[in-house]
Amino acid sequence: MAAIKGKDTKPEMVVRKFLWANGFRYRLNHPRLPGKPDVVLLKYRTCVFVNGCFWHGHDVHTISTGTNAIDIENSECCKVPHTNRGFWVNKILRNKERDVEVQKRLAEMGWHCITIWECELKPKLRTQTLERLAFTLNSIYLKDRSVHKSMSYQLPEDNNIGMAAEPDNK
């Protein structure tokens, strides 16, 4: 497990190549943001986290075993090893708690957070997932930059005033 790298993983590279090819420009692992998000899109004020299903406990549910010990149920994409199970359960639960805390802090700072799971980037789902990502980013951009009605230009109510290029016909 120590040989598994945390940066430039295959799922992360798939997302980055898609974003770059579709005109989205980004920064990697921004050190000033909590959690050092995998991809930071400054223009969209959005952080993208590309999470491994095992390391971040995708779809795992906490269960209590009756002796005040906490365990988790395996999901389809996250199976906890039987060897040293207590260590792995605690590690995955700590990772899940940290992910929630980091996203709360980013939201308080005004950032949008998008999480893409490793299993969503499997060949069958990849196109759909990446298209949803692009749609979400474009929606965020339009929503954040929409003109409020109170700030939009209003023509005066008085119809007696002509436009600057129109001659007075009085």
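Details
- Taken together, the residues in the range 99-140 that are under 18 Å from Glu12 (Cα atoms) and among the acidic types (Asp, Glu) amount to 4.
- Sole residue being under 20 Å from Gly57 (Cα atoms) and either in contact with a Phe, Trp or Tyr (Cβ under 8 Å, 6 or more places away or on another chain) or open to solvent by less than 40 Å² (accessible area, probe 1.4 Å) (or both), chosen from Leu121, Leu130: Leu121
- Qualifying positions in the range 14-33 - on the phi < 0 side of the Ramachandran plot and touching a strand residue (DSSP E or B) at 6+ places or on another chain (Cβ under 9 Å): Val14, Val15, Arg16, Leu19, Phe24, Arg25, Tyr26, Arg27, Leu28, His30, Leu33
- Checking every residue in the range 92-112 against the condition of being over 24 Å from Val40 (Cβ atoms), of a type in the set (A, V, I, L, M, F, W, C) and open to solvent by less than 90 Å² (accessible area, probe 1.4 Å) gives at least one match.
- Listed conditions (1) at pLDDT 85 or above; (2) part of a loop (DSSP other than H, G, I, E, B); (3) over 17 Å from the mean Cα position of the chain (by Cα) are all met by Phe87, apart from (2).
- Filter pass, Phe54 being modelled with pLDDT of 70 or more and under 20 Å from Ile116 (Cβ atoms): yes
- Residues being touching a Cys at 6+ places or on another chain (Cβ under 9 Å) and open to solvent by 30 Å² or more (accessible area, probe 1.4 Å) - total across the range 12-54: 3
- Checking each residue in the range 102-137 for being without any contact (Cβ under 8 Å) to a residue 40 or more places away in the chain, part of a helix (DSSP H, G or I) and charged (D, E, K, R) picks out Lys104, Glu108, Glu120, Glu131, Arg132.
The values are calculated or read from the model by the stated rules, or taken from the named source; none is laboratory data. Everything numeric here is computed off the predicted structure, so don't read it as measured data. Every residue, glycine as well, gets a Cβ built from its backbone with ideal geometry; the counts of neighbours run over all protein chains shown. Accessible surface is based on the protein model in full, side chains and every heavy atom, while ligands, DNA and RNA are left aside. Shrake-Rupley method; radii C 1.70, N 1.55, O 1.52, S 1.80 Å.
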